[in-house]
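Below you'll find the structure, written out as structure tokens, and then a few comments.
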Amino acid sequence: MKSVWSIFKFVFLDNLRSAWALAYVLFLAISTYALIYFTGSFTRSMVSIMNIVILITPLVSTMMTSMYYFNKTDFIYLLLAQPVSRAHAFLGIYLGIAVTLCLSIFFGLGLGMLIAISQVESIALVLTLISSGVMLSLIFSALAMFISIASKDKLKGIGFALFVWLFMAVIYDGLMLMYFILFSEYPIEEHAIVLSLLNPIDLSRIFIMLQLDISALMGYSGAVFQKFFGTGTGILASAGALLLWILIPLIGFIKKAQKKDY
Amino acid sequence: MITLSSVSKRFGKNLVLDEIDFTIGEGRVISMLGPNGSGKSTLIKCILNLVRPNNGEIMVDMYRSTDVEARRLISYMPQVARFAENISAHRLFSLMGELRGDVRDPLELIRYFELEAHVEKPLGELSGGTRQKVSAVLAFLFDTPIIILDEPTVGLDPISRVNFKNLVLEEKAKGKTIFFTSHIMSDVEEVADELAFLLDGKIIFQGEPKAIMTQTDQPTLEKAMAAFLKSKLKA
């Protein structure tokens, strides 16, 4: 595992010295501060920040991971020509990118909230937003790494990774809505819970909305979510689902890398 | 010593390496020649386990090429030296040292390739030739018994090229096994004990440079290689 640590440090420093990490922190900090300052209502500003967290952070994670992989192929060749297992090499690269993304969210959202601290009403909500962003970054970075390793060329790799983001962020909700409209005569509220567990963006959205205490806006589904995700089983199931969303693509890209020709 | 036994590699319908049987003897300096797309880089990548052969077996000393330990015996200089853009050469040398553990002091090599003014700059700011020198330092940074160089002198200025060849000759004198690809015949003539010629995925010649000059009745290696290639393409 010493090699994972060495590669992680190198990739992390490489990312830290590039402009994108700083630009990302500034974007998050300025948006957070501006939304809190100009919206007037803390709850409303948190809903807007939630949209940034659940839509923008997966997109940035997807793009940054795919771009790093495809732009650093010579560095990856050099690493793989050393006495390092492929599992350790790719784990190190993944952690180097993912930790940069997570720290950017922590400092970006944290800085924005800190500047507007006088208007922050709930620290628990701020922490939920930051931890949701961190989880989504870990998940989408692992997914993008899996897709990049599985793809033969840059265009297909980045294109497919973006499609996965679009599917999770937009198309999935559309399909869910269609399902609920088509089967509105049936008691399918519980299905919403299962469908939410299958999409990390939805899961994060529900978590944040439950913290916002505006689940009543979601009607009966909101009550069902409150009842399920408020219990120990619900928290355990959703934490397990998020963990699986990180672990499955992570194990997937490690396995895929073993068979790939470079 | 590196031994390839019946190694084949296919990319889709394209057979790049066709049942290659090839030995790189201990302490020998062997140059792999062949036209562009003949499979030279793929063969090197197979030895380094970057590419997995469809058939056959590659042994590096007592280890299979798939074994991590096989790569501990090899230093490698890639054809293209575009590494991490925002990190300095110094940091890259440290990473390689951490990964391998048997690192020499890079200062001597940094001075040798006149890189003192560049080692702390981000790699992305360096010219192609300077990056190639960084790559050369990486190849000689470790005291490994085998050195593999893929088109090592491309992009180097004449002084660095001479320095590089002298370094190869020094390593050769220490009894190291050196395997390299090149299109520059004067480099090959100066350092190689043996040539291997790869065409359409097959090794069609392996022997001393003099042998091919005698066979083709040509005064220089460059002319001999051109005549040899023409005769093979006609056949």
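The values are calculated or read from the model by the stated rules, or taken from the named source; none is laboratory data. Bear in mind that the values here come from a model prediction, so they are computed numbers and not experimental data. FYI the Cβ positions are ideal-geometry reconstructions off the backbone, even for glycines, and counts take in every protein chain you see.
Given the conditions (1) within 11 Å of chain A (Cβ to nearest Cβ); (2) closer than 29 Å to B:Glu189 by Cα; (3) of a type in the set (Lys, Arg), and given that B:Arg100 satisfies all but one, which numbered condition is not satisfied?
(2)
Looking at this structure, is B:Ile58 of a type in the set (A, V, I, L, M, F, W, C), more than 10 Å from chain A (Cβ to nearest Cβ) and assigned to a strand (DSSP E or B)?
Here the answer is yes, as B:Ile58 does meet what is asked.
For the range A:1-34, which positions are of a type in the set (Ser, Thr, Tyr) and at the interface with chain B (Cβ under 10 Å from one of its Cβ atoms)?
A:Ser3, A:Ser6, A:Ser18, listed by residue number.
Going through the range B:21-47 one residue at a time, which ones are touching a Pro at 6+ places or on another chain (Cβ under 6 Å) and more than 10 Å from chain A (Cβ to nearest Cβ)?
none
Looking at A:Ala98, A:Ala142, A:Ala89 in this structure, which one is of a type in the set (A, V, I, L, M) and within 14 Å of chain B (Cβ to nearest Cβ)?
Testing whether each residue is of a type in the set (A, V, I, L, M) and within 14 Å of chain B (Cβ to nearest Cβ) leaves just A:Ala89.
Rundown of residues vs (1) in contact with a Phe, Trp or Tyr (Cβ under 7 Å, 6 or more places away or on another chain); (2) within 19 Å of A:Ser3 (Cα to Cα); (3) at pLDDT 90 or above, yes/no style:
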{"position": "B:Leu99", "(1), (2), (3)": "no, yes, yes"}
{"position": "B:Glu120", "(1), (2), (3)": "no, no, yes"}
{"position": "B:Lys133", "(1), (2), (3)": "yes, no, yes"}
{"position": "B:Gly155", "(1), (2), (3)": "no, no, no"}
{"position": "B:Ser160", "(1), (2), (3)": "yes, no, no"}
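Name the residue that is nearest to the other protein chains (Cβ to nearest Cβ), counting only residues in the range B:103-128 that are touching a helix residue (DSSP H, G or I) at 6+ places or on another chain (Cβ under 7 Å) and assigned to a helix (DSSP H, G or I).
Checked the range B:103-128; the qualifying residue nearest to the other protein chains (Cβ to nearest Cβ) is B:Leu123.
Please go through (1) within 12 Å of chain A (Cβ to nearest Cβ); (2) in a helix (DSSP H, G or I); (3) among the hydrophobic types (A, V, I, L, M, F, W, C) for B:Leu50 and return the number of the only condition it doesn't satisfy.
(2)
Can you tell me which residues in the range B:99-118 are surrounded by fewer than 20 Cβ atoms within 10 Å (Cβ to Cβ) and either of a type in the set (Asp, Glu) or in contact with a Ser or Thr (Cβ under 6 Å, 6 or more places away or on another chain) (or both)?
Matches in the range B:99-118: B:Asp102, B:Asp105, B:Glu108, B:Glu114, B:Glu116.
Show the residue pairs that are 6+ apart or on different chains and have beta-carbon atoms under 7 Å apart, the first residue being within the range A:176-195 and free of Cβ contacts under 8 Å to residues at least 24 places away in the same chain, the second being in a loop (DSSP other than H, G, I, E, B).
Note: pairs meeting the criteria are A:Phe180/A:Ile188.
Looking at B:Ser75, is it buried (at least 22 other Cβ atoms within 10 Å of the Cβ), closer than 27 Å to A:Asn71 by Cα, within 14 Å of chain A (Cβ to nearest Cβ) and within 14 Å of the chain's Cα centre (by Cα)?
The answer is yes for B:Ser75.
Going residue by residue through the range B:6-19, is there one that turns out to be assigned to a strand (DSSP E or B), more than 14 Å from chain A (Cβ to nearest Cβ), crowded, with 22+ Cβ neighbours inside 10 Å and not charged (D, E, K, R)?
Among the residues of the range B:6-19, not one is assigned to a strand (DSSP E or B), more than 14 Å from chain A (Cβ to nearest Cβ), crowded, with 22+ Cβ neighbours inside 10 Å and not charged (D, E, K, R), which makes the answer no.
Among (1) closer than 27 Å to B:Asn14 by Cα; (2) touching a residue at least 12 places away in the same chain (Cβ under 8 Å); (3) more than 7 Å from every other protein chain (Cβ to nearest Cβ); (4) of a type outside the set (A, V, I, L, M), where does B:Ser88 come up short?
Among (1) closer than 27 Å to B:Asn14 by Cα; (2) touching a residue at least 12 places away in the same chain (Cβ under 8 Å); (3) more than 7 Å from every other protein chain (Cβ to nearest Cβ); (4) of a type outside the set (A, V, I, L, M), B:Ser88 violates only (1).
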